[in-house]
Amino acid sequence: MGVSEAIGTLNHFRYQNFELPFTEENSAPAILSFQGEVYQHIKTQEFENSDFQFAQEHLRILSGLYGLLRPLDRIYPYRLEMGTRLSNTRGKDLYKFWGNRITNALAKDLEDHEERVVINLASQEYFRSVRVEKLGCPVINIHFKEQRGGKASVIGFLAKRARGMMADHIIRNQIDRSEDLRDFCEGGYRFEHELSSATDWVYLNG
């Protein structure tokens with residue numbers, strides 16, 4: 001996995017002790033389990049029950065181990081990046097392993113929504129697991145950029161924070177129409193029409 005010895009040891013222990021079924025003692029809801037920059041800016045500690053319910057219906061989490069997760073699906077702690085080269089019966093990596101299954105599950109979840117559109121807040125590594133051409137609906141890719149010295153560019157950790165802020169904004173305002181996201185202005189970001197296209201929306205800070 002290319003991780004430190006401490007992280008490797010921890011996750012070796014986790015996998016050796018992986019057990020089913022998941023219970024309140026050995027697992028937790030997915031949205032409460034991840035600790036990265038994105039999830040630190042989804043303020044679940046301030047959520048009401050209605051926020052968790054909206055998230056369950058509208059937010060999906062891509063996972064190298066679990067495939068497609070709903071926020072309240074219980075998971076056992078793990079580390080397995082989607083881009084990990086892991087030989088398996090379906091191919092050389094996790095993209096081959098998941099094949100069309102993540103895409104099919106996502107397409108099925110979209111059937112119940114009035115506006116069938118995906119707002120992509122995932123990294124490129126993870127969204128590669130979705131076969132967009134098979135979804136049968138539009139995908140809007142969100143890009144967060146910083147204005148520095150007259151040039152707009154993506155700064156990784158800031159973009160992660162912003163993706164979390166937008167997910168939090170969508171959930172807590174129960175936004176169900178893509179057009180309403182053009183008004184997103186948290187963290188100093190604003191929608192830049194001239195830098196955006198129908199499928200790629202750019203939000204600029206600075």
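The values are calculated or read from the model by the stated rules, or taken from the named source; none is laboratory data. Model, not experiment: these values are computed from the prediction. Neighbour counts run over all protein chains shown; Cβ positions are idealised from the backbone, glycine included.
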Worksheet item: Tally time: how many residues in region 24-74 are of a type in the set (A, V, I, L, M) and farther than 24 Å from Leu110 by Cα?
Response: 1
Practice prompt. Restrict the check to region 21-33 and report whether at least one residue is at pLDDT 95 or above, outside any loop (DSSP other than H, G, I, E, B) and in contact with a helix residue (DSSP H, G or I) (Cβ under 7 Å, 6 or more places away or on another chain).
Written response: yes
Practice prompt. Return only the number of the condition from (1) within 23 Å of Asn141 (Cα to Cα); (2) touching a helix residue (DSSP H, G or I) at 6+ places or on another chain (Cβ under 8 Å) that Glu111 does not satisfy.
Written response: (2)
Worksheet entry | Cross-chain or 6+ apart pairs with Cβ under 8 Å, region 149-176 first and free of Cβ contacts under 8 Å to residues at least 12 places away in the same chain, then hydrophobic (A, V, I, L, M, F, W, C) and buried (at least 21 other Cβ atoms within 10 Å of the Cβ) | Val154/Phe144
Item to complete: At least 1 residues that are surrounded by 19 or more Cβ atoms within 10 Å (Cβ to Cβ), under 19 Å from the mean Cα position of the chain (by Cα) and at pLDDT 95 or above in each: list the strands (runs of 3 or more DSSP E) lying fully within region 140-206 that qualify.
Response: 200-205
Item to complete: Give me the pairs, please: first residue somewhere in region 178-206 and touching a residue at least 40 places away in the same chain (Cβ under 8 Å), second residue anywhere and assigned to a helix (DSSP H, G or I) and among the β-branched types (Val, Ile, Thr), beta-carbon distance under 7 Å, and either six or more positions apart or on two chains.
Response: none
Worksheet item: What do you reckon, is Leu68 out of contact with any Cys (no Cβ under 8 Å at 6 or more places or on another chain), in a loop (DSSP other than H, G, I, E, B) and surrounded by 14 or more Cβ atoms within 10 Å (Cβ to Cβ)?
Response: no
Worksheet item: What is the residue count in region 34-49 for residues that are part of a helix (DSSP H, G or I) and exposed (fewer than 10 other Cβ atoms within 10 Å of the Cβ)?
Response: 3
